[in-house]
Amino acid sequence: MERKEILKNFQVESDIVSVEPYGSGHINHTYLVTAVSGKKYILQGINTSIFKNTKELMENVLGVTSYLRKEIEKNGGNPERETLTVVLTDDEKSYYTDAEGNAWRVYIFIEDAVTFDQVESKEDFYESGRAFGNFQAMLADYPADTLHETIPDFHNTAKRYLDFEKAVEKDVCGRVAEVAEEIAFVRQRKDEMSVLHELLAKGELPLRVTHNDTKLNNIMLDPKSHKAVCVIDLDTVMPGLSVHDFGDAIRFGANTAAEDEIDASKASLSLELFEIYVKGFLEGCNNRLTEKEVEMLPMGAKMMTLECGMRFLTDYLSGDTYFKTTREKHNLDRCRTQFALVADMEKKWQKMCEICIK
Ligand code: ADP
Ligand code: GN1
Ligand code: MG
């Protein structure tokens, strides 16, 4: 269905002049919408093959954003700018399903704020850490049992490993032979994959409301003040581990190479950025993390990097059906940068631990 037609079902201004593809997310189909008045919106086609239950997904988004709105007001902030605002449909629904069954939603566009696909300044990275930590702190008393699990076992690394082995076994594209080295890399680290969940099961790590997708381009920063404005991409807000939120941000932002760099030898952990992020994240969490959580931050970083690399590899083996790709072997390149980063973290392990517990 034509996108301007889709917008007619939402409470947006009627004179829309343009609808352009926007952003570099790997999952949803995002468009920047501009009205004659200059008012802007974000239109998103929700990826329903990944998020199977749109109603539950949007219940989470509305629940979390209305809670955050109150928290932000309490702190004297501007909720229209500091959290996402869902624009409802004409019949007051949070999303619209078109004739082909595609689900669409609209957010108010957050003005004078940008997202980065790589760290351009240390201060920005520190700010992003503070904001993701603060996001967790603000949701500390959110009724977690009302949240739907939008993607079950999202950061259950051991379960992700089983999915990976299934993809190896099926080898639907005949790509297994080409990635023998990467497969061996994963298998060598199999035993570590359950460590964090075991600590959770033993009650040594607490279950919190977490974001679960804390990469740098899921946070908007003010380009003038360099302050974080808004945490976005709330599709995976679910009960989870704080160390995973920390770790996913490190995986993306403290890597000296882009996630999809073709030359994986450029990937390494910047200990300087790691240290800055630790500081920002701990401050943002209001120093509420338990001693065990702080001790496990390096493990969170390593597991998120290994898990993500394994997910890219699984997708490559399965014919690139999950993550958006724009070139051949895109997922394989992504996998290789993640594994190179894991290997570098292993070399720098001692330093990473010292930084966290000092
Ligand atoms: P995906 O799940 O595909 O990553 P996101 O929700 O992260 O989708 O959106 C993709 C990109 O669109 C973001 O990285 C950001 O640049 C931009 N974006 C999303 N929501 C907004 C918004 N409300 N205001 C401004 N830009 C936004
Ligand atoms: C996806 O949606 P986006 O692009 O912010 C993915 C994350 C991965 C990331 C890798 C719902 O994030 O889990 O870490 O790509 N999101 C989902 O870049 O699978
Ligand atoms: Mg995103």
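The values are calculated or read from the model by the stated rules, or taken from the named source; none is laboratory data. Just so you know, these numbers come straight off a predicted model, no measurement behind them. Neighbour counts are summed over all protein chains in view; Cβ atoms, including those assigned to glycine, are modelled from backbone coordinates with ideal geometry. These area figures cover heavy atoms from the full protein model, side chains too; ligands, DNA and RNA do not enter into them. Shrake-Rupley method; radii C 1.70, N 1.55, O 1.52, S 1.80 Å.
Restricting attention to the stretch 259-312, the residues that are in a helix (DSSP H, G or I) and within 17 Å of V195 (Cα to Cα) add up to 18.
Annotation note: of H148, H244, the sole residue that is surrounded by 19 or more Cβ atoms within 10 Å (Cβ to Cβ) and either in a helix (DSSP H, G or I) or at negative phi (or both) is H244.
Mind checking whether some residue in the stretch 44-64 is open to solvent by 20 Å² or more (accessible area, probe 1.4 Å), more than 16 Å from H148 (Cβ to Cβ) and part of a strand (DSSP E or B)? Within the stretch 44-64, one or more residues are open to solvent by 20 Å² or more (accessible area, probe 1.4 Å), more than 16 Å from H148 (Cβ to Cβ) and part of a strand (DSSP E or B).
Highlighted here are the strands (runs of 3 or more DSSP E) found entirely within the stretch 170-238 that include at least 3 residues which are within 16 Å of ligand 1 (Cβ to nearest atom): 219-221, 228-231. For Y31, indicate whether it is more than 16 Å from ligand 2 (Cβ to nearest atom), crowded, with 17+ Cβ neighbours inside 10 Å and part of a strand (DSSP E or B). When the stated conditions are applied, Y31 does not pass them. Applying the selection to the stretch 282-297, what residues are open to solvent by less than 20 Å² (accessible area, probe 1.4 Å) and in contact with a Lys or Arg (Cβ under 7 Å, 6 or more places away or on another chain)? Within the stretch 282-297, G284 is the sole residue that qualifies.
A single entry from A254, A301, A340 fulfils the requirement of being in the same structural domain as F132 (by TED's automatic domain parsing) and either open to solvent by 10 Å² or more (accessible area, probe 1.4 Å) or more than 18 Å from the chain's Cα centre (by Cα) (or both): A340. Out of all the residues in the stretch 259-275, is one or more open to solvent by less than 10 Å² (accessible area, probe 1.4 Å) and either within 16 Å of I219 (Cβ to Cβ) or at pLDDT below 95 (or both)? The answer is no; no qualifying residue exists. Among the residues examined, G253 does not qualify as more than 16 Å from ligand 3 (Cβ to nearest atom), of a type in the set (G, A, S) and touching a Phe, Trp or Tyr at 6+ places or on another chain (Cβ under 8 Å). Take the residues in the stretch 63-116 that are among the basic types (K, R) and under 22 Å from Y22 (Cα atoms), then tell me which one is modelled with the lowest pLDDT. Checked the stretch 63-116; the qualifying residue modelled with the lowest pLDDT is R81.
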